[in-house]
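Accompanying notes for the structure given below.
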Amino acid sequence: MSSTAVAQHRMRILHVLHSHGYGGAENHALVLMQALQAQGHEVHCAGSPGSWLAQRCAQAGIPFHGVAMRGLYDVFSMLKLRRLVARWRPHVVHGHLIRGAFYAGLAAWGRPGAVAICTAHATTARKHMERCRHVIAVSAAVRQALLQHGQTEDRVTLVYNGVPDVPTEDRQALRDELGMAPATFALVNAGRFVADKGQDTLVRALKHCGPDVHLYLIGDAQTPFGESVRASVPEHVRVTFLGYRADVPRLLGAFDAYVLGSRREALGLSLVEAAAARLPSIATSVGGVPEVVLDGRSGWLVPVDDVLAMAQQVERLRAQEPQARAAMGELARQHYLAHFTVQRMVEGTVAVYRRVAAGVA
C-alpha cells in the first residue's frame with residue numbers, strides 16, 4: 001500500500017512491549033490497541049509470554065505473539081520479530097518503553113512499507129530509539145527531557161496518554177461497600193508499591209492530619225517497599241490497604257480527594273482517572289504531574305518528600321465547604337475532557353502514524 005493509501009485507509013499496527021507485570025505503560029498500550037481496533041485498524045501485539053498484557057490481549061481479541069526479548073541482544077527474539085514483520089507486513093511497528101523501542105526499530109529496519117515509532121513513557125527515557133523514525137512523548141515533561149538529551153524537535157511529538165471515562169456509581173453505596181464511616185474524609189491512592197510512587201510520604205503525612213482523615217491505598221503491597229510501608233503505619237493512623245483492584249475507576253466516586261506522593265512521574269494516569277471522576281488532587285510536583293493537576297484550581301502541588309506540605313494541603317482541602325471541593329473536582333474533569341480522553345489520544349497517535357508513513361515526519 002502506498003503512503004497515500006495509508007493516509008486514507010486502515011492500517012496494520014504491531015505494538016511491541018517487553019513487560020511481565022502491570023503498570024502505566026502496559027495499561028496505556030492496551031487502551032490504545034483496543035481503541036485503534038475499534039476504529040477499524042488491524043492490531044497485533046508482541047511481548048512477554050504469559051504476561052498481564054498477554055492475558056488482557058487474549059480477552060480483548062488482540063492477536064498476541066510471545067517474544068521473550070531477553071535483554072537488548074536476544075538474537076532469537078530479534079529474528080522472530082523480523083519474520084513476523086516480513087509475514088504480516090505492518091505499516092507501523094510501535095515500540096513501548098526502552099526495550100520495546102529497541103526491538104521495534106530493529107524489526108522494521110530495512111523492511112519496505114514498515115515504519116518504526118516508539119513511545120517514551122518516562123522522563124528518564126533517552127536511549128535505544130535511534131532506529132525509530134519518530135518518538136511520541138506522553139507529556140510535555142517527557143518531551144522536554146528527550147530534547148535535552150539530543151532528540152530534535154521534528155522527531156518528537158507530544159500525545160497525552162488518555163484513559164477511558166470513569167463510570168458513575170452511587171457514592172453512598174460505594175462508601176458502604178468499602179466500610180467508610182459517615183464522617184470519614186477519604187483519601188485514595190492507586191499504584192505499584194515501589195519507592196518512586198511514594199506511598200510512604202502519604203502515610204507520614206497522615207500522622208499530621210485530623211482523626212477523621214482516612215487513607216486508602218490500592219495496589220499489591222506484597223513487595224519489599226510495600227511491606228516497609230505497612231510496617232510504618234502507627235496504630236492511631238487510619239490507613240487501609242485495599243490490595244490490587246481491577247475496578248479502581250469504579251471505586252473513585254467513593255472518595256473525597258486523590259493524593260500522590262510520587263518521586264518520579266511521566267504523567268500520572270491515576271491522576272487522570274481521578275480528574276475524570278471529579279476528584280481534586282494533592283500531588284507532588286514532578287515530571288508531567290503539573291500538566292494534570294492545575295495548582296490552586298483543580299488541586300494543589302507540593303514539593304517531593306515534603307510531608308508537612310502534603311498534610312497542610314490535605315487539611316486545607318478538608319476544611320473547605322463541600323461546594324468548593326466540588327468546584328475543584330469539576331474543573332479537574334473539564335481538564336480531563338479537554339486533554340486526556342482516549343479519543344484525543346487515538347487521534348493524536350494516528351496522526352503521527354499517518355505523517356510518518358507518508359514521509360512528512
Residues satisfying the stated conditions in segment 21-42, i.e. of a type outside the set (Asp, Glu) and under 15 Å from residue 100 (Cβ atoms): 21, 23, 24, 25, 27, 28, 29, 30, 32, 33
Contacts under 8 angstrom Cβ, first residue in segment 216-234 being touching a residue at least 60 places away in the same chain (Cβ under 8 Å), partner surrounded by 14 or more Cβ atoms within 10 Å (Cβ to Cβ), 6 or more apart: none
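For a quick check of your reading: which helices (runs of 4 or more DSSP H) sit entirely within segment 67-185 and have at least 2 residues that are under 23 Å from residue 29 (Cα atoms)?
75-88, 97-108, 140-148
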Number of the condition not met by residue 111 [criteria: (1) at pLDDT 95 or above; (2) surrounded by fewer than 20 Cβ atoms within 10 Å (Cβ to Cβ)]: (1)
Flag if residue 240 is more than 27 Å from residue 287 (Cα to Cα), of a type in the set (Ser, Thr, Tyr) and surrounded by fewer than 19 Cβ atoms within 10 Å (Cβ to Cβ): yes
Condition met for residue 123 (modelled with pLDDT under 95 and of a type outside the set (Gly, Ala, Ser)): yes
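If a residue counts only when it is farther than 20 Å from residue 178 by Cβ, which helices (runs of 4 or more DSSP H) contained entirely in segment 206-319 have at least 2 such residues?
224-231, 269-276, 289-292, 307-319
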Hits in segment 312-358 (condition: more than 14 Å from residue 280 (Cβ to Cβ) and open to solvent by 60 Å² or more (accessible area, probe 1.4 Å)): 312, 337, 339, 343, 344, 347, 355
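The values are calculated or read from the model by the stated rules, or taken from the named source; none is laboratory data. Since the model is a prediction, treat every value here as computed from it, not as a measurement. Reconstructed Cβ throughout: ideal geometry from the backbone, glycine too, with neighbour counts over all protein chains shown. Calculation scope for accessible area: heavy atoms of the full protein, side chains included, ligands and nucleic acids excluded. Shrake-Rupley method; radii C 1.70, N 1.55, O 1.52, S 1.80 Å.
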